[in-house]
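Accompanying notes for the structure given below.
Values quoted throughout were computed directly from the atomic coordinates according to the rules given, and no laboratory measurement underlies them. It should be emphasised that the depicted structure is a prediction, and the values quoted were computed from it without experimental measurement. In this analysis, Cβ positions are derived from the backbone assuming ideal geometry, glycine residues included, and neighbour counts consider all displayed protein chains.
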Amino acid sequence: MKKKTASIFNVGISSILIIFILLSLVSFATLALITARSDYMLSRKYADRVESYYAAENQAIQKWNALNEQPEGAEVSYQIPINDSQQLAVTLTFSEKDQRYDVKEWKTENVGNWEADETLHLYTGD
């Protein structure tokens, strides 16, 4: 009787399939890790930005509460720094009739010069 030998294709295909599945799993795990890290860094940056904005807003409100009465229509303006590139600009107008300050302007302004980031080499179609 003839002895049956194992075919090379049966062993080879299953090994290649397992290797392909393992490489796919490792690739997807790496991509998930990279995405999670970049999402964490972005949310941390946003949280720092929000924290510094509200700290500046609290300082602006404390300064507003410390103001004394002014003549009718008098304007008080001040700026509170948020970070190196932004500040909170506040303009208040005193209303003698109501004996209070009304907010005329409460906005975030950029300070310093904006410099474009031209480090990317993009395809221009030429």
key: For region 79-93, 3J(HN,Hα) per residue [Karplus equation, 6.51 cos²θ - 1.76 cosθ + 1.60, θ = phi - 60°, Hz, x = Gly/Pro]   = 10, 10, x, 8, 8, 5, 10, 9, 9, 9, 9, 10, 10, 10, 10
Extreme residue, positive dipole direction of the chain, given options Ala29, Leu120, Ile19 (C-beta unit charges) = Ile19
task = Among [x] 18.0; [y] 9.0; [z] 6.6, find the value of mean projected area of the Cα convex hull in nm² that was calculated from the structure presented, and write down its label.
result = [x]
